[in-house]
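The values are calculated or read from the model by the stated rules, or taken from the named source; none is laboratory data. A quick note: this is a predicted structure, and the numbers were derived from the prediction, not measured. FYI the Cβ positions are ideal-geometry reconstructions off the backbone, even for glycines, and counts take in every protein chain you see. When the accessible area is computed, the model is the full protein with side chains, heavy atoms only, and any ligands, DNA or RNA have been set aside. Shrake-Rupley method; radii C 1.70, N 1.55, O 1.52, S 1.80 Å.
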Amino acid sequence: MKKYKKIILAVVISMMVSLLGSCKGNEQQVKNSIKIGYLPITHSLPLYVEKKVEKENIELVKFGSWPELMDALNSGKIDGASVLIELAMKAKVQGIDLKAVALGHSDGNAVIVNEKIKNVKELKGKTFAIPNKLSTHYILLYEMLKKENMSLKDINIVELPPSEMAVALLEKRIDGYCVAEPFGAKAVVNGNGKVLKQSSDIIPNSICCALVFRGDFIKERNEKAKEIVEKYSAATEDLSNEKERRTRAKEFLSIQDTVLSESLGWISYDKLKIEEEDYNRISQYLKEMKLLDNTPTYDEFVDNSLLE
Ligand code: ZN
């Protein structure tokens, strides 16, 4: 009997040792993998393409909304994110050590309105949706109205989650919207909305989403951070091929072909560097619109060293 007890004890001990060993292995793996947050929009497509190549080292963490993503980034649950640059700028002035290391995309934001609206002036008194006040979409709306001697007070502004906007337009709850893609193209393809202006018609080179890293990640794992940006850059090169862009976007977003074609025609992934002039322009708008009293300077916030 005693002999059996000894054998059972030995088996239990060896199981515990191997279990502890595997836990340690998992811990190591989790510690080594880099977590990057994103929202499922065409603006974060380069991250998806990078993940296709770099399967092991990056863990893409999907979020349903910008506030959830920012909470995770600010608290260090993720090491970086593809995010609206304005939200990251706000976190930076609030004391979170963040650095913008590359652009997510160029262009790819359209002002969508219902079929009856012929020009900007006709938006007076109408309801218009944006995803968040701290966004390039809100800045584009502001500048578009300003060019027509109108102001944000001339229209009724509502904040809506991106995925609800096309439906809200269809149900006539709103008369127009500006948001990340493919949610604008959706209304155009559905036939109940049209493009009033593309972002490039309103503000040339308007920056929108950026790849942002936590400062501690850049400092402590600089080689890794550089490697990620290098592969991110290679991913955007792959996206210059139209066929590749379509295939990858379809895998990433699983949306209708027609919506995808329309949407991908509006966006570009060619430019990655955050230019000082473009950054300062966005910064100026944030102050002018009183969305942020203080904005981080280009040198404080933008880190081009990983891209170079
Ligand atoms: Zn964007």
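Identify all residues within the range 190-199 that are modelled with pLDDT of 95 or more and either part of a helix (DSSP H, G or I) or closer than 23 Å to Glu275 by Cα (or both); write none if there are none. I'd like the intermediate steps shown before the answer.
Here is the first cut: in the range 190-199, the ones modelled with pLDDT of 95 or more are 193-199.
Of everything in the range 190-199, those that are modelled with pLDDT of 95 or more and either part of a helix (DSSP H, G or I) or closer than 23 Å to Glu275 by Cα (or both) turn out to be Gln198, Ser199.
Give the residue, chosen from Pro182, Pro162, Pro131, that is out of contact with any Pro (no Cβ under 6 Å at 6 or more places or on another chain) and within 16 Å of the ligand (Cβ to nearest atom). Before the answer, list the steps.
Values: Pro162 fails: out of contact with any Pro (no Cβ under 6 Å at 6 or more places or on another chain); Pro131 fails: out of contact with any Pro (no Cβ under 6 Å at 6 or more places or on another chain).
Checking each option against the conditions leaves just Pro182.
Criterion first (over 18 Å from the mean Cα position of the chain (by Cα), farther than 19 Å from Pro46 by Cα and not in a loop (DSSP other than H, G, I, E, B)) does Asp293 satisfy it?
Details: over 18 Å from the mean Cα position of the chain (by Cα): yes; farther than 19 Å from Pro46 by Cα: yes; not in a loop (DSSP other than H, G, I, E, B): no.
So Asp293 does not fit the description; no.
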- Task: Look through the range 296-308, keep the residues that are farther than 18 Å from Gly104 by Cβ and in a helix (DSSP H, G or I), and return whichever of them is least open to solvent (accessible area, probe 1.4 Å).
- Result: Glu300
- Query: Which of the following residues is more than 14 Å from the ligand (Cβ to nearest atom), in a helix (DSSP H, G or I), farther than 30 Å from Glu143 by Cα and open to solvent by less than 20 Å² (accessible area, probe 1.4 Å): Phe252, Phe217?
  - Reply: Phe217
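Got a sec? Which of Glu276, Glu237 is open to solvent by 80 Å² or more (accessible area, probe 1.4 Å) and over 23 Å from Glu86 (Cα atoms)?
Working: Glu276 fails: over 23 Å from Glu86 (Cα atoms).
Being open to solvent by 80 Å² or more (accessible area, probe 1.4 Å) and over 23 Å from Glu86 (Cα atoms) holds for just one of Glu276, Glu237, which is Glu237.
Among what's in the range 34-65 and is aromatic (Phe, Trp, Tyr) and touching a strand residue (DSSP E or B) at 6+ places or on another chain (Cβ under 6 Å), pick the residue that is farthest from Ile267 (Cα to Cα). Before you say what the answer is, go through the steps one by one.
So in the range 34-65, the residues aromatic (Phe, Trp, Tyr) come out as 38, 48, 63.
This time we only want the ones that are touching a strand residue (DSSP E or B) at 6+ places or on another chain (Cβ under 6 Å), so: 38, 63.
Values: Tyr38: 18, Phe63: 22 Å.
The selected residue is Phe63.
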- Those residues that are part of a helix (DSSP H, G or I) and among the polar types (S, T, N, Q), I need them from the range 255-290; list them, please. Thr258, Ser261, Ser263, Asn280, Ser283, Gln284
